[in-house]
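The values are calculated or read from the model by the stated rules, or taken from the named source; none is laboratory data. These numbers come from a predicted model, not from an experiment. Ideal geometry is used to build each Cβ from the backbone, glycine not excepted, and the neighbour counts take in all protein chains shown. SASA here: full protein model, heavy atoms, side chains in, ligands and nucleic acids out. Shrake-Rupley method; radii C 1.70, N 1.55, O 1.52, S 1.80 Å.
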Amino acid sequence: MNEKLLQTFEESLQRCTEVPHFLDLFYAKFLGSSPKVREKFAKTDFARQKQALRASFDTLLAAAKDGDGGPEKHLARLAERHGSRQLGVGAELYDLWLDSLLATVKECDPEFSASVETAWEDVMTVGIRYLCSRFNSATGA
Ligand code: HEM
């Protein structure tokens, strides 16, 4: 993935992270997008979940930076967690996840632009594709 795009993503992530309600806004949009999403998060501790999601943006960036082997290296555990044996997060829910995230970035990043949107979309898609491709795979043990 090209350097400029990765840098655009990193700078926008930094600006969004400075907005105190960034992750609250994301979860409000995502939970509002479908009852299926609300069901999945019925028992979730959102203080912990928000921290985990913030950290996973850095992990997704690392996966995108590392090229072909990146997702396997950085995201195997996350894929395991979201796959059919554990959380059972199907591909259709990732569309809602990405739409909610892009709408949130649009509201929170004062420098939002078409290239910022593309940068988020491209970096997140590396992770989403991998997580979806591993949905049915074995435990990896
Ligand atoms: C690329 C997209 C996604 C990323 C980066 C991501 C990231 C994470 C992270 C870091 C965790 C915490 C893992 C742990 O505690 O071991 C988590 C948990 C979870 N994720 Fe995702 N997630 C994504 C997509 C989704 C989608 C589309 C759904 C659909 C509803 C979803 C539902 C959940 C649920 C239900 C949990 C467990 C919450 C709990 O512990 O109660 N995730 N996710």
For S137, only one of the following conditions fails: (1) outside any loop (DSSP other than H, G, I, E, B); (2) more than 24 Å from G32 (Cα to Cα); (3) of a type in the set (S, T, Y). What is its number? (1)
Residues being in a helix (DSSP H, G or I) and open to solvent by 50 Å² or more (accessible area, probe 1.4 Å) - total across region 24-51: 14
Residue that is nearest to C132 (Cα to Cα), among those in region 63-75 that are part of a helix (DSSP H, G or I) and more than 12 Å from the ligand (Cβ to nearest atom): E72
How many of the residues in region 76-115 are part of a helix (DSSP H, G or I), over 18 Å from E10 (Cα atoms) and of a type in the set (A, V, I, L, M)? 6
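Output the residue which, of all residues in region 29-57 that are among the aliphatic types (A, V, I, L, M) and within 15 Å of the chain's Cα centre (by Cα), is farthest from the ligand (Cβ to nearest atom).
Kept after step one, since they are among the aliphatic types (A, V, I, L, M), are these residues of region 29-57: 31, 37, 42, 47, 52-53, 55.
Those left that are additionally within 15 Å of the chain's Cα centre (by Cα): 31, 37, 52-53, 55.
Details: L31: 9, V37: 5, A52: 4, L53: 5, A55: 7 Å.
The extreme case among them is L31.
Within 11 Å of the ligand (Cβ to nearest atom) and either loosely packed, with under 15 Cβ neighbours inside 10 Å or under 20 Å from K36 (Cβ atoms) (or both), is that true of L60? Spell out the reasoning first.
Values: within 11 Å of the ligand (Cβ to nearest atom): yes; either loosely packed, with under 15 Cβ neighbours inside 10 Å or under 20 Å from K36 (Cβ atoms) (or both): no.
Spelling it out, it is not the case that L60 is within 11 Å of the ligand (Cβ to nearest atom) and either loosely packed, with under 15 Cβ neighbours inside 10 Å or under 20 Å from K36 (Cβ atoms) (or both).
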Of all residues in region 104-133, how many are over 21 Å from M1 (Cα atoms), open to solvent by 40 Å² or more (accessible area, probe 1.4 Å) and within 16 Å of the ligand (Cβ to nearest atom)? 0
